[in-house]
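Asks: Dropping the structure in here first, questions after.
The values are calculated or read from the model by the stated rules, or taken from the named source; none is laboratory data. Worth saying up front: this structure is predicted, and the values here are computed from it rather than measured. We work out accessible area using only protein heavy atoms, side chains counted, and drop any ligands, DNA or RNA first. Shrake-Rupley method; radii C 1.70, N 1.55, O 1.52, S 1.80 Å.
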Amino acid sequence: MAGATTLGDFAGAIGIRAEESAIVAELKAGSEDAYAWLIGEFHQPIYSLVYRIVTDPSDAADTTQEVFLKVFRGMKHFHGESSLKTWIYRIAVHEASNRRRWWFRHKAKEMSMEPSDNEGVASAMRNRLVDEHDSPFDNVMHEEVRVRVEEELRQISEPYRTTVILRDLEEMSYEEIAEITEVSLGTVKSRLTRGREALRRCLTAYVVENGERIGLRAPDLRASGENVRGLERRASGIEVTR
């Protein structure tokens, strides 16, 4: 049985690679249908990733557009050393990180006239993180926790924040993160541990103060090293098997 399962997984992996190779060939040939598929498949997750790094909706939209321009222009140089998704995410992280550095050097010196955009956080993640079948109360609690996690996540320094985002929100494997960020597996795991610990410290006071109301207990959070998505889902009552 184990051998059959392994063989089935292997066959499935071959099928996925063959399908991706066909898509890449179409993209390199300039197929409009292939590019429409690429946009439909990756635009929302890439925007969400970029938004969490740059934290400004306008900058995130501009950066996402730049990411896809680079994908289109660079497709001829893509030779399949990594998966198409990993390659696109690597470009996205690179562009978002550059945009964030530019923001700190230039734009941060300006005083914003716009109000804080918590609603931008909600719209960027609603489709991925909100269970439409929850009760109104659960949705409110979930929204509150998610927004607070997003706010605290912004305070985590790089490269720990991006590592936490890729692992706990994008649910990418350690190997994929290593390819995207171009570091070793050991470095990925170290950054993830430090990023989660920094986020835990930021959130502990909030959980202690509001834990009973939102259905979380601070000792559980400290002891389990629970990740970001797990915190949000437990608060909304969604059961997750990982």
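Asks: Which order do S157, S97 take when ranked by solvent-accessible area (1.4 Å probe, heavy atoms of all protein chains), largest first?
Replies: Putting S157, S97 in descending order of accessible area: S157, S97.
Asks: Among K28/K70; K70/K189; K28/K85, which pairs are too far apart, with a Cα-Cα distance over 23 Å?
Replies: From K28/K70; K70/K189; K28/K85, over 23 Å: K70/K189.
Asks: Could you tell me what % of all Cα pairs in the range 156-211 have separations over 13 Å?
Replies: When every Cα pair of the range 156-211 is considered, 57 percent fall beyond 13 Å.
Asks: Please compute the per residue accessible area over the range 24-106 with all protein chains in place, 1.4 Å probe, rounded to a whole number of Å².
Replies: Averaged over the residues of the range 24-106, the accessible area is 51 Å².
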